[in-house]
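Right, one structure below, let's go through it.
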Amino acid sequence: RVHWRGLRWLTAEGMRFDMMGFLRGLDCGKNGETTVMIGNSGNKKAGAPFPARLIAVSLPPEKALISKTRLLSENRRKGRVVQAETLEAAGHVLLLTSLPEDEYSAEQVADCYRLRWQIELAFKRLKSLLHLDA
């Protein structure tokens, strides 16, 4: 899972990728995917940009509202102002993968992410029950 501003997003031609344009271009409630290049933020030691699949999973309206409310409250508590684009992007889960499109569909990648999250919650619960701190 990635943040919409967390990486240097590039097109295949090396130009800046318009993340918000991509998200706004999705049909309401629909998922989308595209190939992007992940830049090296100007660090020459980091190597050349590499290709990856960006998958945008639209949240259901009630989940999107929860996500946006949580984002606003957290930023209000920290005394920060939320950008309109950040609030808009909160209605999506952005997944980045190098898995080949012909072997793993966007739905399969999203399902794997959901499964991974369920496993993480199960381990968290188990650690709580066993009173493990690590």
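Observations on the structure shown:
- Count of the stretch 79-100 residues, restricted to those that are loosely packed, with under 13 Cβ neighbours inside 10 Å and in contact (Cβ under 8 Å) with a residue 24 or more places away in the chain, is 1.
- Any hit, the stretch 89-104, residues being part of a helix (DSSP H, G or I) and either among the hydroxyl-bearing types (Ser, Thr, Tyr) or farther than 22 Å from Met19 by Cβ (or both): no
- Restricted to the stretch 3-25, and to residues there that are surrounded by 16 or more Cβ atoms within 10 Å (Cβ to Cβ) and aliphatic (A, V, I, L, M), the residue that is nearest to His92 (Cα to Cα) is Leu23.
- The set of residues in the stretch 58-78 that are of a type in the set (A, V, I, L, M), more than 12 Å from Glu88 (Cα to Cα) and outside any helix (DSSP H, G or I) is empty.
Every residue, every condition in (1) over 22 Å from Tyr104 (Cα atoms); (2) without any contact (Cβ under 8 Å) to a residue 24 or more places away in the chain; (3) out of contact with any helix residue (DSSP H, G or I) (no Cβ under 8 Å at 6 or more places or on another chain), yes or no:
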{"residue": "Met15", "(1), (2), (3)": "yes, yes, yes"}
{"residue": "Asp18", "(1), (2), (3)": "yes, yes, yes"}
{"residue": "Arg24", "(1), (2), (3)": "yes, no, no"}
{"residue": "Gly32", "(1), (2), (3)": "no, no, no"}
{"residue": "Gly39", "(1), (2), (3)": "yes, no, yes"}
{"residue": "Leu59", "(1), (2), (3)": "no, no, no"}
{"residue": "Ser67", "(1), (2), (3)": "yes, no, yes"}
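- The single condition among (1) farther than 25 Å from Arg116 by Cα; (2) among the small types (Gly, Ala, Ser); (3) in contact with a Ser or Thr (Cβ under 9 Å, 6 or more places away or on another chain) that Ala64 does not satisfy is (1).
- Counting only residues that are in a helix (DSSP H, G or I), among the small types (Gly, Ala, Ser) and surrounded by 11 or more Cβ atoms within 10 Å (Cβ to Cβ), the stretch 105-134 holds 2 of them.
A short reminder: the numbers here are calculations on the coordinates, not readings from a lab. Note that the coordinates shown come from a computational prediction; the quantities given were computed from them, not determined experimentally. We place every Cβ from the backbone using ideal geometry, glycine too, and count neighbours over all the protein chains shown.
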